[in-house]
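Participant: I have a structure here, written as structure tokens, and I will follow up with some questions on it.
The values are calculated or read from the model by the stated rules, or taken from the named source; none is laboratory data. No experiment lies behind these values; they were computed from the predicted model shown. Neighbour counts run over all protein chains shown; Cβ positions are idealised from the backbone, glycine included.
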Amino acid sequence: MTTHRRRFVPQLLKTTLAACAVLAGLAAPLAAQAQAWPSKGPIKLVAVFPPGGSVDQVSRILAPVLQQQLGQTVIVENKGGASGSIGAGQVAAAAPDGYTFAVVFDSHAVNPALQPNLPFDSRKDLTTVAMLGTSPMVLATHADTPYKTFADVVAAVKAGKNVSYGTIGNGSLGHLAMTLLAKGNDFDLTHVPYRGGGPLMQDAIAGHVPLAIGSIFVTKPHIDSGRLRPLVVTTNQRSTQLPNVPTLAESGYAGFNAPAWWAVLAPGKTPPEIVARMNAEINKALQQPDVAAKLAAQGIVVNLGTPAAGQAFVEGQIDVWARVVKANNIKAD
């Protein structure tokens, strides 16, 4: 070995060891932080919609169970606005220390396409902790309309009748799902956006809009009262809450699947050990019979999965609905 090589190898070794020491020094605080979590203080669940809606209720079902399991106070803070993007943005900007999480709805996957100037990157600045569950959306009609099946609706449209449907808002998942369905199968429906489920249901049960699409949480009370008639659900499996209502896939639209969904997210740089622990605690909570029963009452089918599986699902939803928004030039309200 030459003198040069004899000098170079020790120097390379010293440099490598020094670099490893730096990396270890950087990792040590994160590891210690993850190990101590959640002893530092209260955990905040930011519900990204106002009180009373499904995101709020899901958050408040989870909070006391997680508090008991973690031995730490868990509080729910409502931060609504801009289809959930204001609350999501607050969490994206929060310290990635495991003390701030977002509870989001399916609008989270639509917002990047509808709101191109979001002050955060939905893929990088937030990470999925757990997919909580999914629910069908229900397309329903006023009890006095002649539509007994979705085929009746399509037949009316193809016969030249102008048929309208209401949703909880422009760019909502219901709007995008119906757009995807209609445009992909050569018929047209007229969209009527409302500002939330309350106004939509008021007009639907009054007969002011012939069709309405919303989650089971929004529609089922009016279906149970007999004022609305369910025609189809948008998932590829029937709902246990509405077992007699066919899916769109069963109604001649094979493979169609557009579920509403709920998830818990964390700031993007949250240590993976904390994300994994919170995921395990959420999955444990979801398996408690009373929690599962409360969610089922809202039409939510519980999901038990890993953070990676949740992230893949959310990113897939972002991709699907971005294509629909772009292809149909859909704009936010």
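Participant: Among (1) surrounded by 17 or more Cβ atoms within 10 Å (Cβ to Cβ); (2) touching a strand residue (DSSP E or B) at 6+ places or on another chain (Cβ under 9 Å), which single condition is T73 missing?
Facilitator: (1)
Participant: I want to confirm something. Restricting to the range 248-262 and keeping residues that are hydrophobic (A, V, I, L, M, F, W, C) and closer than 16 Å to F217 by Cβ, which single residue is farthest from the chain's Cα centre (by Cα)?
Facilitator: Once the filter is applied, the top-ranked residue is A258.
Participant: In the range 205-225, how many are over 25 Å from the mean Cα position of the chain (by Cα) and closer than 23 Å to V154 by Cα?
Facilitator: Within the range 205-225, residues that are over 25 Å from the mean Cα position of the chain (by Cα) and closer than 23 Å to V154 by Cα number 6.
Participant: Next question, about the same structure. What's the number of the condition G252 fails, among (1) outside the structural domain of D106 (by TED's automatic domain parsing); (2) assigned to a helix (DSSP H, G or I)?
Facilitator: (2)
Every residue, every condition in (1) touching a residue at least 12 places away in the same chain (Cβ under 8 Å); (2) within 29 Å of P112 (Cβ to Cβ), yes or no:
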position	(1), (2)
A159	no, no
T179	yes, yes
R195	yes, yes
I205	yes, no
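Participant: Let me ask something additional. Do you know which residues across the range 293-328 are within 24 Å of G81 (Cβ to Cβ) and either part of a loop (DSSP other than H, G, I, E, B) or hydrophobic (A, V, I, L, M, F, W, C) (or both)?
Facilitator: Passing the criteria: Q298, I300, V314, I318, W321, A322, V324, V325.
Participant: Quick one: which residue in E273, E281 is buried (at least 17 other Cβ atoms within 10 Å of the Cβ), among the acidic types (D, E), out of contact with any Phe, Trp or Tyr (no Cβ under 6 Å at 6 or more places or on another chain) and in the same structural domain as P64 (by TED's automatic domain parsing)?
Facilitator: E281
Participant: Which numbered condition in (1) part of a loop (DSSP other than H, G, I, E, B); (2) over 30 Å from A63 (Cβ atoms); (3) at pLDDT 95 or above; (4) in contact with a strand residue (DSSP E or B) (Cβ under 7 Å, 6 or more places away or on another chain) is the only one that N244 fails?
Facilitator: (4)
Participant: What are the pairs with Cβ atoms under 7 angstrom where one residue, in the range 69-82, is at pLDDT 95 or above and the other, located anywhere, is among the hydroxyl-bearing types (S, T, Y) and outside any strand (DSSP E or B)? Sequence gap at least six, or different chains.
Facilitator: Filtered contacts from the range 69-82: V76/S59.
Participant: Also, quick follow-up: Could you list, in sequence order, the residues of the range 83-106 that are polar (S, T, N, Q), farther than 16 Å from M278 by Cα, in contact with a Leu (Cβ under 9 Å, 6 or more places away or on another chain) and at pLDDT 95 or above?
Facilitator: S85
Participant: Picking from D333, D290, which residue would you name as being part of a helix (DSSP H, G or I) and surrounded by fewer than 14 Cβ atoms within 10 Å (Cβ to Cβ)?
Facilitator: From the options D333, D290, the qualifying one is D290.
Participant: In addition: Test V325 against the stated conditions and say whether it is out of contact with any His (no Cβ under 7 Å at 6 or more places or on another chain), surrounded by 14 or more Cβ atoms within 10 Å (Cβ to Cβ) and closer than 16 Å to P112 by Cβ.
Facilitator: yes
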